[in-house]
Amino acid sequence: MNTALQSTPYQFDSARYAKAVATSKRIRWDIDRDVIRGRTFDFGKKFLPDGLSRVDRLAFLTADEQRLLSQIQGRTYANIFGLVERFIAAKVLEVSADHRLGDQNALEALVRFGDEEIKHQELFRRIERLCAEGMPAGYTFLPEPNAVASAVLAKSTWAVLALTCHIELFVLAHYRESIDPDTSVSELWKDVFLYHWREESQHAIIDELEWRREHDKLSTEERDRAVNDLIDLVGAVDGILQMQARADVDYFLNVCGRTLSELDAMRLRMGVLGAYRWQYIVSGVKEPRFAQVLGSMITDAQGARIANALTPIMN
């Protein structure tokens, strides 16, 4: 735990909100004009890079099968982001109320943040429709966004902002470290996540500011309960990943064109679940900025509780 950061009193920084507003105005993009531009997906290419899909670890699959699996995972990747942005937009608009009669830079930054998240939801709905046009019938995305959002939003604001910051930071890492440098990925797919990354870069800054502001409002007991809420949320995310990984593997087995051995099917299920846990939990936990911010807010005992909850997932 970083006790030096933990002991530093929270200081509201209007200038950082103002900078986020200025950047939001400068990088603002439109789904049709800037991202899709009348294009469709190239199904001869992968959607997710191997660094995220980990299909290159499944040597019993052919190159075509690895590409198909990357496209299935990519479709789920877009749907997962459409889902999480449902509760992120709602929470951002909720916490913006604290600034309505206060700092107007913060208010505008959060209103823009919420507006951009709503736009991202529409972008990912469009991506789902484009995927459906070129992939075999039978794919299902099982989590219901409103039900998931309601369950998440029932937890403490501290825990929801922690989860949100975790998500925004791993989005940045995914694009920077895996999507951008991979030349085998569909050009349209890369553009979707390029433009998504540009706005999420500002969201991650605001997440941290609001998370620290919320942390400063809580008592020691409230902070401890919030840590339990965060642990519950991570467990719920893992439950969603287990459910969707099963559905995605079932779909792959139905459309891949051959029957895998029982052993290979088991290895496939383990591989896809491992990839999903890496994408949506582990990569964020390992992101240095997230570890630093979280570590500055929790005690050693709380950190141990979080580590114990993560151990089965990390392994």
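Tell me, yes or no, whether segment 138-146 has at least one residue that is in a helix (DSSP H, G or I), open to solvent by 10 Å² or more (accessible area, probe 1.4 Å) and over 28 Å from residue 70 (Cβ atoms). There is at least one residue in segment 138-146 that is in a helix (DSSP H, G or I), open to solvent by 10 Å² or more (accessible area, probe 1.4 Å) and over 28 Å from residue 70 (Cβ atoms).
In segment 276-300, the residues that are under 23 Å from residue 241 (Cβ atoms) reach residues that are not in a helix (DSSP H, G or I) with C-beta atoms within less than 8 angstrom, at least six apart or across chains, in these pairs: 278/54. Residues in segment 147-183 that are touching a helix residue (DSSP H, G or I) at 6+ places or on another chain (Cβ under 8 Å) and assigned to a loop (DSSP other than H, G, I, E, B): 155, 156, 180, 182. Under the condition of being in contact (Cβ under 8 Å) with a residue 60 or more places away in the chain and farther than 19 Å from residue 25 by Cβ, which residue from segment 190-205 is farthest from the chain's Cα centre (by Cα)? Taking the candidates together, the pick is 191. Taken over segment 91-110, the criterion of being out of contact with any helix residue (DSSP H, G or I) (no Cβ under 6 Å at 6 or more places or on another chain), assigned to a helix (DSSP H, G or I) and either within 27 Å of residue 189 (Cα to Cα) or open to solvent by less than 70 Å² (accessible area, probe 1.4 Å) (or both) is satisfied by 97 alone. Residues in segment 29-63 that are exposed (fewer than 12 other Cβ atoms within 10 Å of the Cβ) and part of a helix (DSSP H, G or I): 32, 33, 63.
Within segment 45-56, identify whether any single residue is more than 22 Å from the chain's Cα centre (by Cα) and modelled with pLDDT of 95 or more, and answer yes or no. Among the residues of segment 45-56, at least one is more than 22 Å from the chain's Cα centre (by Cα) and modelled with pLDDT of 95 or more, which makes the answer yes.
Counting the residues of segment 269-303 that are small (Gly, Ala, Ser) and open to solvent by 50 Å² or more (accessible area, probe 1.4 Å) gives 2.
Restricting the search to segment 265-309, which residues are outside any helix (DSSP H, G or I) and either within 19 Å of residue 214 (Cβ to Cβ) or not basic (Lys, Arg) (or both)? Explain how you work it out, then say what you get.
So in segment 265-309, the residues outside any helix (DSSP H, G or I) come out as 286-287, 296-299.
If the condition is that a residue be outside any helix (DSSP H, G or I) and either within 19 Å of residue 214 (Cβ to Cβ) or not basic (Lys, Arg) (or both), then 287, 296, 297, 298, 299 are the ones that fit.
Would you call residue 124 crowded, with 17+ Cβ neighbours inside 10 Å, hydrophobic (A, V, I, L, M, F, W, C), in contact (Cβ under 8 Å) with a residue 12 or more places away in the chain and touching a His at 6+ places or on another chain (Cβ under 6 Å)? Steps first, please.
Numbers: crowded, with 17+ Cβ neighbours inside 10 Å: yes; hydrophobic (A, V, I, L, M, F, W, C): yes; in contact (Cβ under 8 Å) with a residue 12 or more places away in the chain: yes; touching a His at 6+ places or on another chain (Cβ under 6 Å): no.
For residue 124, the condition - crowded, with 17+ Cβ neighbours inside 10 Å, hydrophobic (A, V, I, L, M, F, W, C), in contact (Cβ under 8 Å) with a residue 12 or more places away in the chain and touching a His at 6+ places or on another chain (Cβ under 6 Å) - is not met.
Take the conditions (1) open to solvent by 60 Å² or more (accessible area, probe 1.4 Å); (2) part of a helix (DSSP H, G or I); residue 116 misses just one of them, which is (1).
Go through segment 210-226 and give me each residue that's surrounded by fewer than 22 Cβ atoms within 10 Å (Cβ to Cβ) and among the aliphatic types (A, V, I, L, M). Result: 218, single match.
Among the residues of segment 178-192, at least one is open to solvent by less than 30 Å² (accessible area, probe 1.4 Å) and of a type in the set (Gly, Ala, Ser).
Is it fair to say residue 132 is without any contact (Cβ under 8 Å) to a residue 12 or more places away in the chain and assigned to a helix (DSSP H, G or I)? Yes. Only one of the listed residues (208, 221) is under 17 Å from the mean Cα position of the chain (by Cα), in a helix (DSSP H, G or I) and acidic (Asp, Glu). That residue is 208. Scanning segment 150-159 turns up no residue that is surrounded by fewer than 20 Cβ atoms within 10 Å (Cβ to Cβ), touching a Ser or Thr at 6+ places or on another chain (Cβ under 9 Å) and without any contact (Cβ under 8 Å) to a residue 12 or more places away in the chain.
The values are calculated or read from the model by the stated rules, or taken from the named source; none is laboratory data. Small disclaimer: the values here were computed from a predicted structure and weren't measured. Neighbour counts are summed over all protein chains in view; Cβ atoms, including those assigned to glycine, are modelled from backbone coordinates with ideal geometry. Remember, those area values only see protein heavy atoms, side chains included, never the ligands or the DNA or RNA. Shrake-Rupley method; radii C 1.70, N 1.55, O 1.52, S 1.80 Å.
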